[in-house]
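The values are calculated or read from the model by the stated rules, or taken from the named source; none is laboratory data. Not measured: the values here are computed from a predicted model. Neighbour counts run over all protein chains shown; Cβ positions are idealised from the backbone, glycine included.
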Amino acid sequence: MADIAAVVIVYNEAEVMERCLASLKWVDELIVVDDESTDGSADMARAHGAQVFARRLDRFDAQRNFGADQSRCAWILAVDADEAVPAALAEEIRATIDRPDAADVYGIPFCQKLFGRWPRHGSWGDPLYRLYRREVRWSGAVHERVGAEGNWRRAVLHSPILHWSHQSVAQFIAKLNRYTDEEAAARAAEGFVYSPWKLVLSPVRDFWRRFVVQGGYRDGAVGLVLAGLMACYLFIVRAKTWELTHPADEPPPFEVAPR
């Protein structure tokens, strides 16, 4: 029978990680990579039988790869502290990795709780690749992906993982500012070319895709709010990237009178 480790990266997650750790009792190894938490997250993880490794976060891909490197298992399941693995998903994972024709990387559908609701449309349930053979690597400083580099066989599971995401619009916006900073910096480093048309049209297209094409309207007001917020996210990323790639310090447009 194939063995599997769950790798959880944390930073001050004591308020939410109890549910996550309890849902991972079935794995062969539980590994927690702690970004120097100060709220007792490491102690809570140890109480649940986890091996805890301290590592200062520099890049999310490096943090996840570090966690996988601490494992002896053939398979890795990447789980965030605000997620939980239901019994049906655990059973499907066990059955899948024991198959002789198993793929190398598996996507897992998501069921996300946002603003106290569980929207089912607008791409919020799309699978994310989280289950993989240990030799597969993560890449990407922001929105990291596993198996993006290399010719790995991919497939998608049926059972979803549960994700308690943003509790409020305010929390969403607070995280939005941090993530847009990181993504804009990555785009600027990659030589992003500014386009006023893309600055305007990319958010509009994304809103249309999420709310209309992918049926976000079926979730009612929460679908509208989420589509709007994600469109704002794209606009802010491009605006911040423009700012980073077009620095300026213009003088006043007219002479300032002396005192």
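Here are the numbers:
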{"quantity": "Residues located in the range 134-155, provided they are more than 15 Å from the chain's Cα centre (by Cα) and not small (G, A, S)", "calculated": "R134, E135, V136, R137, E149, N151, W152, R153, R154"}
{"quantity": "Test: residue in the range 171-185 that is among the small types (G, A, S), part of a helix (DSSP H, G or I) and surrounded by fewer than 14 Cβ atoms within 10 Å (Cβ to Cβ)", "calculated": "yes"}
{"quantity": "Within the range 87-140, tally of residues that are farther than 24 Å from R19 by Cα, in contact (Cβ under 8 Å) with a residue 60 or more places away in the chain and among the charged types (D, E, K, R)", "calculated": "3"}
{"quantity": "Of all residues in the range 93-114 being of a type in the set (A, V, I, L, M, F, W, C) and more than 20 Å from W26 (Cβ to Cβ), the one that is surrounded by the most Cβ atoms within 10 Å (Cβ to Cβ)", "calculated": "L114"}
{"quantity": "Verdict on F192 being out of contact with any strand residue (DSSP E or B) (no Cβ under 6 Å at 6 or more places or on another chain), assigned to a helix (DSSP H, G or I) and surrounded by 17 or more Cβ atoms within 10 Å (Cβ to Cβ)", "calculated": "no"}
{"quantity": "Residues located in the range 209-249, provided they are in contact with an Asp or Glu (Cβ under 7 Å, 6 or more places away or on another chain) and free of Cβ contacts under 8 Å to residues at least 40 places away in the same chain", "calculated": "M230, A231, L234"}
{"quantity": "Check on R64, assigned to a helix (DSSP H, G or I), in contact (Cβ under 8 Å) with a residue 24 or more places away in the chain and buried (at least 20 other Cβ atoms within 10 Å of the Cβ)", "calculated": "yes"}
{"quantity": "Conditions (1) within 20 Å of the chain's Cα centre (by Cα); (2) surrounded by 13 or more Cβ atoms within 10 Å (Cβ to Cβ); (3) among the small types (G, A, S); (4) not assigned by TED's automatic domain parsing to the domain that holds E83: number failed by A239", "calculated": "(1)"}
{"quantity": "Hey, A87 over 18 Å from the mean Cα position of the chain (by Cα) and among the hydrophobic types (A, V, I, L, M, F, W, C) or not", "calculated": "yes"}
{"quantity": "Selection from the range 36-65 of residues that are under 20 Å from Y106 (Cα atoms) and aromatic (F, W, Y)", "calculated": "F60"}
